[in-house]
Amino acid sequence: MMLCVKNLTVQYSPHEPLVLQDINFSLEPKERVALIGANGAGKSTLLLTLIGVIKAVEGEISLGGIPMRQERLRELRQLAGMVFQDPDNQLFMPTVLDDIGFGLRNYGFDEKTIEARITAILTRLGIGHLKNRLSHKLSGGEKRLAALAGVLVMEPSLLLLDEPSAFLDPRSRRTLISILAGLPQAMLVATHDLELAQDLCTRVMLLKGGRVFVEGPAQELLQDHALLDQAGL
Ligand SMILES: Nc1ncnc2c1ncn2[C@@H]1O[C@H](COP(=O)(O)OP(=O)(O)O)[C@@H](O)[C@H]1O
Ligand SMILES: [Mg+2]
C-alpha cells in the first residue's frame, strides 16, 4: 500500500467545526485518484494533512508503510511531494535552476547527483530552455511545470496535486495532463476539472462537508450528473 488513511479527523482550531471527519481510504502504488468536491469541501486540507503540514486531531496516516510521526516527517516528505495550487507559494528561489535544486541540496545530495537529476527532469518536462529564467517572471503554465519539476526531482512515490490545471490556458493544460499521465507516481489530484479527472484518474473520491460522500470508479462517478449535482459540482 502506498498510502493508507484511517479515521482521519482534522480541525483548524478547537472552537471551529471539524473540517475533515472520519476519512478512510488507501492508494496503491501508481494508482491515480481524483479528489473532487465543492469549494470548502476539504480537499486542500486533506492534501496538506497528508504531508504533515496540518496535524490531524485523530486518525492514522501511513506512507509507504511509514506511520506519520513528527520525527519521521523528513523521510515522509521525500516519499510524498505536493504541488501547491498557487505556484507562487512554491517557487521562491531566484532562478528555475536554483528552485529545482533546492530540495535536493536541502537533503544533502552531492552536486553530481543534483545536476544529473535536474537535467533529467528538465528534459522529461520539456522545460530545459527555462532553467536560467527568473521564476517569478514565468507564465502560469511555465510556473506550474517548474513547481512540478522541483517536486519530481526528489523522486517521490506519491504526488499530491492541488488544482493542477487552475489558471492554465487550454494548451498548457493539455501539456500538463499528458506529462502527468506519463509519470510513474501514485497521485491524489484535488481538482474542479472533471475532464482532467476523467483523463488522468481511475478512481474518484468525492468529499462533501468534510466527509467522503462517495468513492468509486472514475468512469461511473463522473458520468453520474445527479450525484455531482448533489455534491455541488
Ligand atoms: N487555515 C485555515 N484556518 C481555518 N479554516 C480553514 C483554513 N483553511 C481552510 N479552512 C476551512 O476549511 C474548510 C475546507 O477548506 P479547503 O480544504 O480549502 O477546501 P477545498 O480545498 O475543498 O476548497 C473550509 O470551510 C475552509 O474555510
Ligand atoms: Mg482547495
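The values are calculated or read from the model by the stated rules, or taken from the named source; none is laboratory data. Computed from a predicted structure; not experimentally measured. Here the Cβ is made from the backbone with ideal geometry for all residues, glycine too, and neighbour counts use every protein chain on show.
Please work out if LYS43 is within 16 Å of ligand 2 (Cβ to nearest atom) and of a type in the set (D, E, K, R). It is true that LYS43 is within 16 Å of ligand 2 (Cβ to nearest atom) and of a type in the set (D, E, K, R).
Taking the criterion of being farther than 20 Å from GLN78 by Cα and in contact (Cβ under 8 Å) with a residue 40 or more places away in the chain, the residues of the stretch 40-55 that qualify are ALA41, GLY42, LYS43. Number of residues in the stretch 192-232 that are assigned to a loop (DSSP other than H, G, I, E, B) and either among the aromatic types (Phe, Trp, Tyr) or under 24 Å from GLN11 (Cα atoms) (or both) equals 5. Restricting LEU152, LEU145 to residues that are closer than 19 Å to LEU104 by Cα, in contact with a Gly (Cβ under 9 Å, 6 or more places away or on another chain) and free of Cβ contacts under 8 Å to residues at least 40 places away in the same chain narrows the list to LEU145. The residues in the stretch 45-62 that are assigned to a helix (DSSP H, G or I) and more than 10 Å from ligand 1 (Cβ to nearest atom) can be counted, and the count is 1.
Considering the stretch 187-207, the residues that are of a type outside the set (A, V, I, L, M) and within 14 Å of ligand 2 (Cβ to nearest atom) include one that is surrounded by the fewest Cβ atoms within 10 Å (Cβ to Cβ), namely HIS192.
Could you please give the count of residues in the stretch 33-52 that are within 27 Å of ASP229 (Cβ to Cβ) and either among the aromatic types (Phe, Trp, Tyr) or within 11 Å of the chain's Cα centre (by Cα) (or both)? First the steps, then the outcome.
To start, the set of residues in the stretch 33-52 that are within 27 Å of ASP229 (Cβ to Cβ) comprises 33-47.
Now restrict to residues that are either among the aromatic types (Phe, Trp, Tyr) or within 11 Å of the chain's Cα centre (by Cα) (or both): 33-35, 43-44, 46-47.
Of the residues in that region, 7 qualify.
Checked against (1) surrounded by fewer than 21 Cβ atoms within 10 Å (Cβ to Cβ); (2) part of a helix (DSSP H, G or I), PRO184 meets all criteria but (2). Within the stretch 72-92, residues that are buried (at least 22 other Cβ atoms within 10 Å of the Cβ) have Cβ atoms under 9 Å from residues that are at pLDDT below 95 and aromatic (Phe, Trp, Tyr) in these pairs: PRO87/PHE167, counting only partners at least 6 apart in sequence or on another chain.
Residues that are more than 16 Å from ligand 1 (Cβ to nearest atom), over 23 Å from ALA186 (Cα atoms) and under 18 Å from the mean Cα position of the chain (by Cα) do occur in the stretch 73-90. When the stretch 21-44 is filtered for residues that are outside any loop (DSSP other than H, G, I, E, B) and either buried (at least 22 other Cβ atoms within 10 Å of the Cβ) or away from ligand 1 (no atom under 13 Å from the Cβ) (or both), the ones remaining, listed by number, are ASP22, ILE23, ASN24, PHE25, SER26, LEU27, ARG32, VAL33, ALA34, LEU35, ILE36, LYS43.
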